[in-house]
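Chemist: Here you go, one structure.
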Amino acid sequence: MAYVVTQSCCADASCVVACPVNCIHPAPGEPGFGTTEMVYVDATACVGCGACATACPVGAMVPDAALTTKQLPFIDLNAAYYDAFPHADRTPVALVPQQRRLTRTGPFRVAVIGAGPAGLYTADELLKHPEVEGVDVYDRLRTPYGLVRHGVAPDHASTKLVTRLFEAIERQPRFRYFLGAPVGDELTLADLRGTYHAVVYAVGASADRALGIPGEDLAGSVPATALVGWYNGHPDQQDLDVPLAAASNSSGRAVVVGNGNVALDVARILTRPVEVLERTDLAPAALERLRDSGVHEVVVLGRRGPAQAAFTVPELIGLAALEDVDVVVDCDPALLDGEDQRSQLLRDLAARTVDPASTRRRIVLSFAVSPVELLGEDGRVTGVRVARNRLVVGDDGAVRAEATDDTFDLDAGLVVRSVGHRGLPVADLPFDERTATVPNHQGRVEPGVYVVGWIKRGPVGFIGTNKTDAQETVETILDDLDAGLPEPAGTLASAAALVRDRLPESTDLGGWQRIDAAEREQGAALGRPRAKITDPEAQRAIAAVPPVVRRRGILRRTVSLTP
């Protein structure tokens with residue numbers, strides 16, 4: 001019996017370290033670790049001990065004998081990696097490099113702006129060094145975890161198990177949260193530099209790239225980041241105009257422009273039965289809207305061919321495994337003759353027979369097409385004009401899409417623009433409009449100010465990619481600490497006092513834990529993992545209630561000493 005990886009990797013590397021025969025690759029230090037779609041188990045070397053499954057924080061390791069029929073493609077996916085990268089040379093146990101130690105004794109203090117994966121991985125890397133006396137993580141929201149909470153699809157519950165890693169980071173004694181504490185106005189970079197040796201921005205890329213076509217600004221044309229935030233309970237998106245009801249979307253069709261993983265997420269959420277969504281942590285208000293949805297078909301438009309699709313192979317396998325939604329492939333059969341994994345899987349999907357009398361909703365994966373105009377009436381989207389593309393191979397071997405004059409119209413009451421994220425300018429930092437990132441060298445903006453995550457490298461990679469990215473930025477911080485960064489005047493105590501003075505309604509880890517507990521309790525009453533609290537005022541009220549503790553048999557209320 002061998003174990004098989006069945007989803008994209010969180011890059012925690014626990015499975016690699018746990019494996020006694022070094023059969024999981026790429027490992028830390030090897031090319032591709034943290035940037036490939038996933039890690040892979042070599043079935044010829046795996047001894048089936050299960051150590052990887054015990055160590056994996058997201059439950060991705062499954063014995064081959066326990067795979068469902070729909071998961072069987074993961075066996076070939078794992079094997080294909082070792083066809084290309086044999087890894088014939090093996091050490092008996094995965095090697096862990098010796099930890100770097102600072103040459104200066106400190107103590108040092110670091111502020112991290114942003115409580116998503118990049119920020120928390122950065123905090124974790126910093127707290128491995130005893131010379132760092134404290135890491136304070138700031139976020140404008142009262143709920144941490146960034147895109148894991150507000151970006152991962154609700155029906156991907158196993159991916160969200162990465163929060164177990166984040167909870168372990170939060171429990172470290174030198175870690176603090178300042179949540180509901182935006183940096184930029186009341187609290188500035190200059191304020192933080194007066195207290196901390198280093199300030200790290202991990203603010204992500206919260207905007208969408210524009211299509212640049214007529215009609216893009218019509219009502220009913222929404223960016224994917226906004227829609228994903230809406231159904232995931234992001235406080236900023238709760239009033240988003242999403243025309244789902246039959247009266248506002250009489251065509252019964254939605255169109256998603258772009259075919260990355262986010263596009264597939266959107267298509268699934270718009271088509272899956274409400275009985276499935278009821279078992280997820282999808283935001284309560286969005287769930288009620290989806291309950292009455294009139295959308296029966298979602299067409300996903302990809303400008304190039306199947307082999308160049310932006311979605312990952314694990315996501316396609318998951319989509320193909322759905323038994324409650326019909327998945328249809330719409331493209332020239334000649335484009336499906338490739339030997340790459342995407343083309344092979346899509347060829348199998350295209351060969352499926354779909355019952356024309358089926359009442360199930362369906363997802364149509366369309367390739368070599370591009371929208372050229374959004375059509376509208378009375379200021380609202382009514383359809384999309386689509387051009388068929390010619391695929392051209394350039395001198396560099398890259399495949400480009402060129403629009404032809406062959407166009408057709410698709411009726412649609414909702415169009416979701418999912419062609420990539422884009423970073424926004426950050427107060428007090430330089431900004432490159434072309435790349436939509438903060439200019440940096442290995443994370444350094446200038447000595448004492450750093451970036452990590454998408455605002456550093458652009459919106460590429462997976463959750464786990466942020467771990468290796470954080471390691472690079474932290475190495476740069478350590479270099480600068482050893483070289484001698486200026487000594488700030490403030491202390492950890494004065495930082496807490498400053499936040500209390502400037503942002504008195506901010507909260508700490510205890511406040512987040514009270515919100516978390518309330519969401520879980522409300523969800524349990526409904527048979528759901530959690531019922532997200534999305535109203536900022538409700539979050540503030542729950543976070544502000546001091547916890548009740550039992551001391552010597554008497555119930556007493558205790559008030560947190562830090563905001």
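The values are calculated or read from the model by the stated rules, or taken from the named source; none is laboratory data. Everything numeric here is computed off the predicted structure, so don't read it as measured data. All Cβ positions, even for glycine, are placed from backbone atoms using ideal geometry, and neighbour counts span all protein chains on display.
Chemist: For the stretch 248-265, enumerate the residues that are modelled with pLDDT under 95 and touching an Asp or Glu at 6+ places or on another chain (Cβ under 8 Å).
Modeler: Residues satisfying the conditions are Ser251, Gly252, Asn261.
Chemist: In addition: Only residues that are buried (at least 19 other Cβ atoms within 10 Å of the Cβ) and among the acidic types (Asp, Glu): list them for the stretch 517-531, please.
Modeler: If the condition is that a residue be buried (at least 19 other Cβ atoms within 10 Å of the Cβ) and among the acidic types (Asp, Glu), then Glu519 is the only one that fits.
Chemist: Given Ala541, Ala524, Ala493, Ala470, which one is out of contact with any helix residue (DSSP H, G or I) (no Cβ under 9 Å at 6 or more places or on another chain) and in the same structural domain as Ile113 (by TED's automatic domain parsing)? Spell out the reasoning first.
Modeler: Values: Ala541 fails: in the same structural domain as Ile113 (by TED's automatic domain parsing); Ala524 fails: in the same structural domain as Ile113 (by TED's automatic domain parsing); Ala470 fails: out of contact with any helix residue (DSSP H, G or I) (no Cβ under 9 Å at 6 or more places or on another chain).
Result of the check over Ala541, Ala524, Ala493, Ala470: Ala493.
Chemist: On to the next question. Does Arg142 qualify as being at pLDDT 95 or above and part of a loop (DSSP other than H, G, I, E, B)? Walk me through it before giving the result.
Modeler: Details: at pLDDT 95 or above: yes; part of a loop (DSSP other than H, G, I, E, B): yes.
Yes; evaluated as a whole, the condition is true for this residue.
Chemist: Identify all residues within the stretch 403-423 that are assigned to a strand (DSSP E or B) and touching a residue at least 24 places away in the same chain (Cβ under 8 Å); write none if there are none. Can you show your working first?
Modeler: Step one: filter the stretch 403-423 for residues assigned to a strand (DSSP E or B), giving 403-411, 414-417, 421-422.
Scanning the stretch 403-423 gives Ala403, Thr407, Asp409, Leu410, Asp411, Leu414, Val415, Val416, Arg417, His421, Arg422.
Chemist: Of the residues that make up the stretch 357-375, is at least one under 23 Å from the mean Cα position of the chain (by Cα), in the same structural domain as Gly338 (by TED's automatic domain parsing) and among the β-branched types (Val, Ile, Thr)? Steps first, answer last, please.
Modeler: Applying the first criterion (under 23 Å from the mean Cα position of the chain (by Cα)) to the stretch 357-375 yields 363, 365.
Checking the rest, the ones that are also in the same structural domain as Gly338 (by TED's automatic domain parsing) come to 363, 365.
Now restrict to residues that are among the β-branched types (Val, Ile, Thr): 363.
Within the stretch 357-375, one or more residues are under 23 Å from the mean Cα position of the chain (by Cα), in the same structural domain as Gly338 (by TED's automatic domain parsing) and among the β-branched types (Val, Ile, Thr).
Chemist: Any residue that is in the same structural domain as Arg500 (by TED's automatic domain parsing), at pLDDT 95 or above, more than 20 Å from His129 (Cβ to Cβ) and part of a loop (DSSP other than H, G, I, E, B) - is there at least one of those in the stretch 163-181?
Modeler: The answer is yes; a qualifying residue exists.
Chemist: Under 9 Å between Cβ atoms, at least 6 apart or on separate chains: pull out the pairs that start in the stretch 43-56 with a residue that is within 13 Å of Val16 (Cα to Cα) and end on any residue that is at pLDDT below 75 and of a type in the set (D, E, K, R).
Modeler: Listed pairs, sorted by first residue: Ala55/Asp12; Cys56/Asp12.
Chemist: Can Leu301 be described as in contact with a strand residue (DSSP E or B) (Cβ under 8 Å, 6 or more places away or on another chain) and under 27 Å from Glu537 (Cα atoms)? Break it down into steps so the answer makes sense when it comes.
Modeler: Details: in contact with a strand residue (DSSP E or B) (Cβ under 8 Å, 6 or more places away or on another chain): yes; under 27 Å from Glu537 (Cα atoms): no.
Here the answer is no, as Leu301 does not meet what is asked.
Chemist: While we're here: Look through Ala205, Ala245, Ala198 and report the one residue that is closer than 30 Å to Phe108 by Cα, modelled with pLDDT under 95, in contact with a helix residue (DSSP H, G or I) (Cβ under 9 Å, 6 or more places away or on another chain) and not charged (D, E, K, R). Steps first, please.
Modeler: Details: Ala245 fails: closer than 30 Å to Phe108 by Cα; Ala198 fails: modelled with pLDDT under 95.
After applying the criteria, what remains is Ala205.
Chemist: Could you check, for the stretch 182-194, whether at least one of its residues is at pLDDT 95 or above and closer than 21 Å to Glu519 by Cβ?
Modeler: No; the residues of the stretch 182-194 include none that is at pLDDT 95 or above and closer than 21 Å to Glu519 by Cβ.
Chemist: Do the conditions hold for Asp241, that is, is it crowded, with 23+ Cβ neighbours inside 10 Å and charged (D, E, K, R)? Give the steps one after another, and end with the answer.
Modeler: Values: crowded, with 23+ Cβ neighbours inside 10 Å: no; charged (D, E, K, R): yes.
Considered against the rule, which asks whether it is crowded, with 23+ Cβ neighbours inside 10 Å and charged (D, E, K, R), Asp241 comes out as no.
Chemist: Since Pro333 meets every condition but one in (1) surrounded by fewer than 18 Cβ atoms within 10 Å (Cβ to Cβ); (2) under 17 Å from Thr69 (Cα atoms), which condition does it not meet?
Modeler: Unmet condition: (2).
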